[in-house]
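The values are calculated or read from the model by the stated rules, or taken from the named source; none is laboratory data. Computed from a predicted model, the values in this text were never measured in an experiment. Cβ atoms come from the backbone with ideal geometry, glycine included; neighbour counts cover every protein chain shown. Accessible surface is based on the protein model in full, side chains and every heavy atom, while ligands, DNA and RNA are left aside. Shrake-Rupley method; radii C 1.70, N 1.55, O 1.52, S 1.80 Å.
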Amino acid sequence: MTRLLLILIAAIGLVARADAQAVRRDSAKAFQKVRECSAQMGPNVITFTFYQPTQSRSQFCEDVPETGPTTIVVDTMQDELRDMMVEIRIVEAAPNGDDGAAPTEAYLPPARFQTGVIQLEHDFKNKGDYVALVRARSADGRKEYNARFAFSVGEEFLRDWVAVAVVTVVALALGATWYAHAFGRRSSKKAELRKA
């Protein structure tokens, strides 16, 4: 019985640890957001932010929570990119990694964005993994930079709930085992006492 009680306490500790790790992970995400939401584009860095005005006022990075109308904002931090023609293509992530051959989900034709902020609106109909392909070319055609940024749509919620469900099932199973073992033993002792 003591052993089962220790197992139950360990299971509760695992659930608490998972919650603590989730909080720590969220804090780490906040501090590393710029790094995680960025892509290298030649010697330059660009950042990505996703908004879903119909869902919430929150901004997202690699995990867009729902399908539906989404605003994709790309910030070209360096001046060099502001003088180049920039185009963006959103494609479904190819299982073989060949993004160039993947069908186009959304497209923003080449243009110069002197403010450094590029905005693309798209209504995502399907959940899944996507890739933003960004190309920048100089006016004379001598320079060309490319960037790739992978993100998912409508999958973060599912992943979180699967993790919570697994931990909950394990904790309940251990608790049920402890309960059956502890009270099963008492019942057998009472039965023995009655026979005596």
Only one residue in Phe113, Phe50 is of a type in the set (Phe, Trp, Tyr), touching a residue at least 24 places away in the same chain (Cβ under 8 Å) and farther than 24 Å from Gly141 by Cβ, so which one is that? Phe50
Considering only the range 130-151, how many residues are hydrophobic (A, V, I, L, M, F, W, C), touching a helix residue (DSSP H, G or I) at 6+ places or on another chain (Cβ under 9 Å) and under 12 Å from Gly42 (Cα atoms)? 1
I need a count of the residues in the range 51-77 that are open to solvent by less than 60 Å² (accessible area, probe 1.4 Å) and over 22 Å from Lys125 (Cα atoms). 2
In the range 104-135, residue farthest from Phe48 (Cα to Cα) [restricted to those that are among the aromatic types (Phe, Trp, Tyr), part of a strand (DSSP E or B) and open to solvent by less than 80 Å² (accessible area, probe 1.4 Å)]: Phe124
State which residue pairs qualify: first residue without any contact (Cβ under 8 Å) to a residue 60 or more places away in the chain and among the polar types (S, T, N, Q) and inside the range 78-89, second residue part of a loop (DSSP other than H, G, I, E, B) and surrounded by fewer than 16 Cβ atoms within 10 Å (Cβ to Cβ) in any location, beta carbons under 8 Å apart, and separation of 6 or more residues or different chains. Gln78/Pro43
